[in-house]
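Below is one structure; the comments refer to it alone.
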Amino acid sequence: MGEITGAGLLAHVPTIVLPEAERLELNGGREITLVTGLRRLREDVFASDDYDTVVVLDSHWATTVEFVVTAQQRRAGLFTSEELPRGMCRMPYDFPGDPELAHHIASFADRHGTWITAIDDAYLPVYYATINLWKFLGEGFPDKRWITVGVCQTGDMEDHVRLGRALADGIAATPGRRVLVIASGALSHTFWPLRELRDHEASDPVHIRTPEARAADHERIAWFREGRHDKVLAHMDDFWKHRPEARFSHYLMLAGALGEQECTAAARQYGEYENSIGTGQVHLWFDRPADGWTGAGPHPPAAGPHAPAAGPPAPAPARTPRPRD
């Protein structure tokens, strides 16, 4: 039986892969803590031998009619961003995939009333929400597998939570697999207009697009540090007013995998909460609690990973949140 051994909500902003001199120039001579935070996270977590595979929930990869999980044996090449080719240009990457896990995840789509396809096409695009984090956390560890799941632009909150449930079951169905899951994306996510943004490139949160967005980000960071995933999920309507990246779908998938409202894992913060041309960025890491993500012990074994479902996909079973103060 596989298990999720750790999880993170991590920022992937292009600034982190700029040359050091350019980062310092943008930030008044100071290093941005999104960089130093990832370096410490690599030492604390990713340099260990306690995991086999990293699953990235990529807020930049938007599919349309289904969720897609990468299933290549290996992904390698040079990455240039279509969005920011000046700063992310011909970046080499090379890492093994995990087809077995990818197909197990996809096999649970019907059980959770959703649509997931494992794709092994060698020409499938890769996005910097995955590559930038791999450069910090994966490069240099050639035996660690990395796979990516995209968000679905036609999916709502429930759809992304269902994907997370299928992800957890797919991991549980993969014998012996120890997995780290990364929700790659920002908190509030409204850029400054082009003619103004160069006045707001420093990391100081004073540059967040609105004071209200900054306050909403701080509120959620506090909840995460307290392990109050129930509050984050209960107040999504309020947070959507501040336009979180990808409607916060990267986190919603993570929440579905960790037990949703019942998840009690408290975050360790790596670095400071910082601005990136108006958007709110932070690195939060959740260690698996000794008594499981929901305080109820290990995730139960998944049943029948390859058994086809009869008829149309069945709705996912309702979860009854545990009362909390």
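Below, the figures for the structure above:
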| quantity | calculated |
| --- | --- |
| Fraction of alpha-carbon pairs over 16 Å apart in the range 73-125 - percent | 56 percent |
| Taking only Cα atoms of the range 163-225, radius of gyration then Dmax in Å | 17.9, 53 |
| Overall form of the range 1-102 per C-alpha gyration tensor (a/c, 1.5; a/b vs b/c) | oblate |
| More than 21 angstrom apart: percent of Cα pairs within the range 127-238 | 58 percent |
| Chymotrypsin sites (Phe, Trp or Tyr not before Pro) within the range 88-131, DSSP loop, no more than 13 other Cβ atoms inside 10 Å | 123 |
| Cα-Cα pairs of the chain separated by more than 31 Å (percent) | 26 percent |
| Burial order of peptide ranges 245-257, 206-218 (average beta-carbon count within 10 Å, highest first) | 245-257, 206-218 |
| The range 66-139: trypsin sites (Lys or Arg not before Pro) in DSSP loop, at most 12 other beta carbons within 10 Å | 86, 90 |
| Residue 280 long-range amide H proximity, modeled H, under 5 Å | 187, 188, 189, 190 |
| Antiparallel content of DSSP bridges confined to the chain, in %, to 5 | 40 percent |
| Over the range 132-189 - Rg/Rh using Cα atoms and the Kirkwood inverse-distance radius | 1.01 |
| Potential lengthening between residue 266 and residue 86 on full extension [0.36 nm per residue; Cα-Cα distance subtracted] | 61.1 nm |
| Residues whose placed amide H lies under 5 Å from that of residue 243, excluding near-sequence neighbours | none |
| Amide H within-cut-off set for residue 57, under 5 Å, with H built and near neighbours excluded | 149, 182, 183, 184 |
| Principal axis dimensions, largest first and in whole angstrom, of the range 189-258 by Cα | 40, 21, 18 |
| Solvent-free Debye scattering, log10 I(q)/I(0), computed from the Cα coordinates of the range 247-299 at q = 0.18, 0.23, 0.28, 0.29 Å⁻¹ | -0.68, -0.93, -1.11, -1.14 |
| Eligible lysines near residue 135 by straight Cα distance, threshold 22 Å, same-chain separation 8 or greater | 144 |
| Cross-link reach list, aspartates and glutamates versus residue 241, counting only Cα pairs under 16 Å and skipping chain neighbours closer than eight places | 156, 212, 217, 219 |
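Bear in mind that the values in this text are calculations on the coordinates, not laboratory data. A quick note: this is a predicted structure, and the numbers were derived from the prediction, not measured. Here the Cβ is made from the backbone with ideal geometry for all residues, glycine too, and neighbour counts use every protein chain on show.
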